[in-house]
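The values are calculated or read from the model by the stated rules, or taken from the named source; none is laboratory data. Please read these numbers as outputs of a predicted model, since none were measured by experiment. Note that each Cβ is placed from the backbone with ideal geometry, even for glycine, and that neighbours are counted across all protein chains shown. Quick note on the areas: whole protein, heavy atoms, side chains included, nothing else; ligands and nucleic acids left out. Shrake-Rupley method; radii C 1.70, N 1.55, O 1.52, S 1.80 Å.
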Amino acid sequence: MQSERILEIVLDTPLERIFDYKWSGETLPKPGQFTLLNFGRREMVGLIVAVKYESDVPVEKLKPVIAVREQLNPVSRHWIELCQFAADYYQRPLGEVALPAIPKNCRASKTTALDKALKKLAQPLKPIVPSTPPRLNDAQQTAVHKIVQAKGYAANLLYGVTGSGKTEVYLQAASEILARDSLAQILVLVPEINLTPQLFDHLQNRFPEVFVATLHSGMAEGERTVNWLAAHLGKARIILGTRLAILASVPNLKMIIIDEEHDASYKQQEGLRYSARDLAIWRARQLDIPVVLGSATPSLESWQHANTGRYTKLSLPNRAVDSAVLPAVQLIDLSKDKPQDGLTSSLIAALKLRMEKGEQSLIYLNRRGYAPVIACDACGWMSSCTRCSAFLVLHKQEYKLRCHHCSLEVRIPKSCPTCGNADIQPLGRGTQRVEEHLQLLFPQARIRRIDADSTRLKGSAQDAFDTVHRGEVDILIGTQMVAKGHDFKNLTLVAAINPDTALFSQDYRAGERLFSQLMQVAGRAGRAAQKEGGNASKVLIQTRYPQHPLYKSLKMHDYPKFAKDCLQERQQAGLPPFVFQAMLRAEANELQKALEFLNYAAQLPAPEHIIIHSPIPMSLMKLANSERAQLLVESSSRPALQAFLKEWLQQLRDSKNRVKWNLEVDPAEI
Ligand SMILES: [Zn+2]
Ligand SMILES: [Zn+2]
């Protein structure tokens, strides 16, 4: 009699377990293959993780699988191990990590879309005119050499200011790796979708004979399937993507590059709350390959690793274009130069000068909308969101008040809803208000605003950036969106008009984020060679605290000094990277219920080197009618924290409590 064969399968369900199914077909499936099966009343696709001959469940009670996905090559053991690591580290079931990392079309019960994608993949590449690599300067040369010469795993921190030529180092290191091994694949991550087209062109022109796949969340499902399959089947030699690409199946992966490694977008903020940068390090170590982390303002975690020798620091000290110099940073003291409508006279004079010379200026303000709140002077009423503990933001052109947290929209009231006063006024300013004011000041100027509101339509962000590149804009106003990656050749003035708010945030990372944002936005100025007789580019910072150490380091372009100060403070205060943290968050219709659950969690037994803090309401306590609280857990030992979390979560899952909760390991925000 033939013994039964049993497949161990994981599924995309919150149940922390592996399911046994029976196999009675001819050829025995392999681990890594996908299979269609019945789960409850649904048809689902699962991933086979093992084949065995015995089960704890009597064989006659096991269901058979329906069909194995023969047209989909199995994923590698390494890939399953990567998902298993992410599942363990971020405390989620394996199935919830592995299956969502596969395009929907590959795990649908019908295979029509998958077959179509496979057919499309067989088509030949379009011919491309190749670009020639420029000569590297000495520092770039050394960096490329060190990256490609290292044997096996090596984490490299490529530290260099904007314009120092990090991209060229990536390209030439990639070129070596691809030339060395005809199957080699390289994974390149960028923090944002709108940075992919620019780098895609660079990569495709440099490597015209190579399939460059892209993976990000903005792609249509069919397109994503084709690109994912190209990586999975080894056809794409370069895979360019945002954070989700770190979980792509890349069987011959030989190098990982993470551009702007400090960027907060590498951290997923819902579901599996993973850090793509941290997974990249793990994946490189697992595969024994190099990883390159590039930044002008590295995360303090990476900087600390470079200081202690865990990572190799590769510095690019100069801007690659010889005559390009770093912009001069000037602090405008708001107590001396009093602003009108948010703009100081020094700033207005500088804008005027740029317009006369036909050069471009950028006004940076990380707050969209017209004004963050409207208020009544008579009774103190303010426009609050009824569903969140936040204000409704005035969007004047649309005549709406909008909540930036839950998207609630209401019409602007004609008078104060509380006392009837007709004179209600906007307080503070957002990008729209600055735009309006600048138009009054400079009626002839061509002014363009780039923020999430002005670029809602697909392709409109690219359009807006193109008009700036073509020189059709005199003054650009923008949020964070304009700070990253864009190289504006004729831009010689950058002004941050209200950066101070971040100095006194309760989140200990706010200063680190502010410094890197300002460095990055400053880097937009004068990246190309200065025109003959032109002034060096200038960065103006309007502040009430010109003596603040953060601004002093910024003025000197001295990231190492800033990092040293911050790390010292963090060490004294016992904050990451010197301790390891996890955040348990709970939400309910009443804050009390969320706090009760967290109090229950806090009193569960914990070993002595685990510190459980007291539960507190979150700073944005109410969100879309849910009331939220959080509980911080810390330890100076990462393994001890991991071991504790595993047991702790089991007890929380078993508890009868009805609140919604989640856990974030290495929380990005406190
Ligand atoms: Zn009132
Ligand atoms: Zn709201």
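General remarks:
- For region 439-458, the set of residues classified as exposed (fewer than 10 other Cβ atoms within 10 Å of the Cβ) and of a type outside the set (S, T, N, Q) consists of LEU440, PRO443, ARG456, LEU457, LYS458, listed by residue number.
- Candidate set from region 1-50 (those that are of a type in the set (Asp, Glu) and open to solvent by 70 Å² or more (accessible area, probe 1.4 Å)); member that is farthest from LEU649 (Cα to Cα): GLU26
- Cross-chain or 6+ apart pairs with Cβ under 7 Å, region 619-639 first and among the aliphatic types (A, V, I, L, M) and within 16 Å of ligand 2 (Cβ to nearest atom), then open to solvent by less than 50 Å² (accessible area, probe 1.4 Å) and not in a strand (DSSP E or B): LEU620/CYS388; LEU620/ALA390; MET621/LEU591; LEU623/CYS388; LEU623/CYS406; ALA624/CYS388; ALA624/CYS406
- The lone criterion from (1) in contact with a strand residue (DSSP E or B) (Cβ under 9 Å, 6 or more places away or on another chain); (2) more than 16 Å from ligand 1 (Cβ to nearest atom); (3) not in a loop (DSSP other than H, G, I, E, B) left unmet by LEU440 is number (1).
- Taking first residues from region 42-63 that are without any contact (Cβ under 8 Å) to a residue 60 or more places away in the chain and of a type in the set (Gly, Ala, Ser) and partners that are loosely packed, with under 12 Cβ neighbours inside 10 Å and part of a loop (DSSP other than H, G, I, E, B), no Cβ contact under 7 Å between residues at least 6 apart in sequence or on separate chains turns up.
- Residue list for region 635-658, restricted to those being open to solvent by less than 20 Å² (accessible area, probe 1.4 Å) and either under 19 Å from SER389 (Cβ atoms) or not aliphatic (A, V, I, L, M) (or both): SER635, PHE644, TRP648
- Conditions (1) β-branched (Val, Ile, Thr); (2) within 27 Å of the chain's Cα centre (by Cα); (3) under 26 Å from ASP654 (Cα atoms); number of the one not met by ILE80: (3)
- Residues in region 399-421 that are away from ligand 1 (no atom under 16 Å from the Cβ), farther than 24 Å from ASN589 by Cα, loosely packed, with under 15 Cβ neighbours inside 10 Å and not hydroxyl-bearing (Ser, Thr, Tyr): 1 in all.
- CYS385 vs. criteria closer than 30 Å to LEU591 by Cα and within 34 Å of the chain's Cα centre (by Cα): yes
- ARG524 open to solvent by 80 Å² or more (accessible area, probe 1.4 Å) and either among the hydroxyl-bearing types (Ser, Thr, Tyr) or within 30 Å of THR492 (Cα to Cα) (or both): no
- Of the criteria (1) out of contact with any Asp or Glu (no Cβ under 8 Å at 6 or more places or on another chain); (2) outside any loop (DSSP other than H, G, I, E, B); (3) surrounded by fewer than 20 Cβ atoms within 10 Å (Cβ to Cβ), which one SER614 fails: (2)
- So ARG456, is it in contact with a strand residue (DSSP E or B) (Cβ under 9 Å, 6 or more places away or on another chain) and either among the charged types (D, E, K, R) or within 16 Å of ligand 1 (Cβ to nearest atom) (or both): no
- Output for region 353-388, where each listed residue is within 16 Å of ligand 2 (Cβ to nearest atom), open to solvent by less than 20 Å² (accessible area, probe 1.4 Å) and not aliphatic (A, V, I, L, M): GLY369, SER383, CYS385, CYS388
- So LEU554, is it touching a residue at least 60 places away in the same chain (Cβ under 8 Å), open to solvent by less than 10 Å² (accessible area, probe 1.4 Å) and either of a type in the set (A, V, I, L, M) or under 30 Å from GLY163 (Cα atoms) (or both): yes
- Pairs with Cβ under 6 Å, 6+ apart, first in region 389-417 and more than 10 Å from ligand 2 (Cβ to nearest atom) and modelled with pLDDT of 95 or more, second among the polar types (S, T, N, Q) and open to solvent by less than 30 Å² (accessible area, probe 1.4 Å): LEU401/SER383
- Positions within region 125-144 being open to solvent by 60 Å² or more (accessible area, probe 1.4 Å) and modelled with pLDDT of 85 or more, in sequence order: THR132, PRO133, PRO134, ARG135, ASP138, GLN141, THR142
- Those strands (runs of 3 or more DSSP E) lying entirely in region 125-240 with at least 2 residues over 21 Å from the mean Cα position of the chain (by Cα): 211-215
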